[in-house]
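*Asks:* Just dropping this structure here.
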Amino acid sequence: MRILYIDLHALLYSFQYLQKANLLSSYQSQMPFHSKEALLKSVAYDSEGAKRLEEATAQASLLLYPVCGGYTRDLLIKHNIFAESLLAPHVDLSLRMRLDDSDAVRQLLEHASAVNTDDWYVCGDITCDERFCEFFPGRALTSQFGDGVSDELISKILATKGR
């Protein structure tokens, strides 16, 4: 199984998208008070970016899995952001991690271990975490901060197919 762990918030509510779609003020007024469910209902996400991400991961034979920011696999399915068949399986990490551990990198590593894969990549703002460069070189698919689902990111996702 090959997985692309995604920092969904950074990709679907990127600064570039919000500015281009004239949603920045709407987003800023909703963000501090609402759950991710309410945010998805009240502020349009970058559906074109989601579609491009879905197509690129399918071409690269990767499954998607959300890390960071409160987006869950079930939430993505409920809001039809990604097809269920393109999402990696859910794993209950509550028995595999300390109850107060909300570190996204450790959650990612525990999920990868639980589904028994060592063929994984990660994209979004989480790639700024220095642990990826230090301990997992080549797995962080970085792109320009704030750009969301950019051409650069798509080409990096597609390049994983030959690895």
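The values are calculated or read from the model by the stated rules, or taken from the named source; none is laboratory data. Since the structure is predicted, the reported quantities are computational estimates derived from the model, not experimental observations. So basically every Cβ, Gly included, is an ideal-geometry build from the backbone, and we count neighbours across all protein chains shown. Surface areas here come from the heavy atoms of the whole protein model, side chains and all, with no ligands, DNA or RNA. Shrake-Rupley method; radii C 1.70, N 1.55, O 1.52, S 1.80 Å.
*Asks:* Go through the stretch 130-160 and give me each residue that's in contact with a Lys or Arg (Cβ under 8 Å, 6 or more places away or on another chain) and at pLDDT 90 or above.
*Replies:* Leu141, Val149, Ile154, Thr160
*Asks:* Could you tell me which numbered condition Phe145 fails, if it satisfies all but one of (1) under 25 Å from Ala50 (Cα atoms); (2) open to solvent by less than 80 Å² (accessible area, probe 1.4 Å)?
*Replies:* (2)
One line per residue, one yes/no per condition, for (1) open to solvent by 40 Å² or more (accessible area, probe 1.4 Å); (2) polar (S, T, N, Q); (3) free of Cβ contacts under 8 Å to residues at least 40 places away in the same chain; (4) farther than 21 Å from Ala38 by Cα:
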site: Leu64; (1), (2), (3), (4): no, no, no, yes
site: Ile77; (1), (2), (3), (4): yes, no, yes, no
site: Ser94; (1), (2), (3), (4): yes, yes, yes, yes
site: Asp103; (1), (2), (3), (4): no, no, yes, yes
site: Glu110; (1), (2), (3), (4): yes, no, yes, yes
site: Val115; (1), (2), (3), (4): no, no, no, yes
site: Asp118; (1), (2), (3), (4): yes, no, yes, yes
site: Thr127; (1), (2), (3), (4): no, yes, no, yes
site: Phe132; (1), (2), (3), (4): no, no, yes, yes
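*Asks:* Kindly provide the set of residues from the stretch 108-129 that are at pLDDT below 85 and either under 14 Å from the mean Cα position of the chain (by Cα) or in a helix (DSSP H, G or I) (or both), ordered by number.
*Replies:* First, the residues of the stretch 108-129 that are at pLDDT below 85: 125-129.
Within the stretch 108-129, Asp125, Ile126, Thr127, Cys128 meet the criteria.
*Asks:* Considering every residue within the stretch 90-106, establish whether at least one is in a helix (DSSP H, G or I), closer than 21 Å to Leu23 by Cβ and modelled with pLDDT under 85. Explain how you work it out, then say what you get.
*Replies:* Taking the stretch 90-106 and keeping what is in a helix (DSSP H, G or I), we get 93-95, 104-106.
Retained after the next criterion (residues that are closer than 21 Å to Leu23 by Cβ): none.
No: zero hits.
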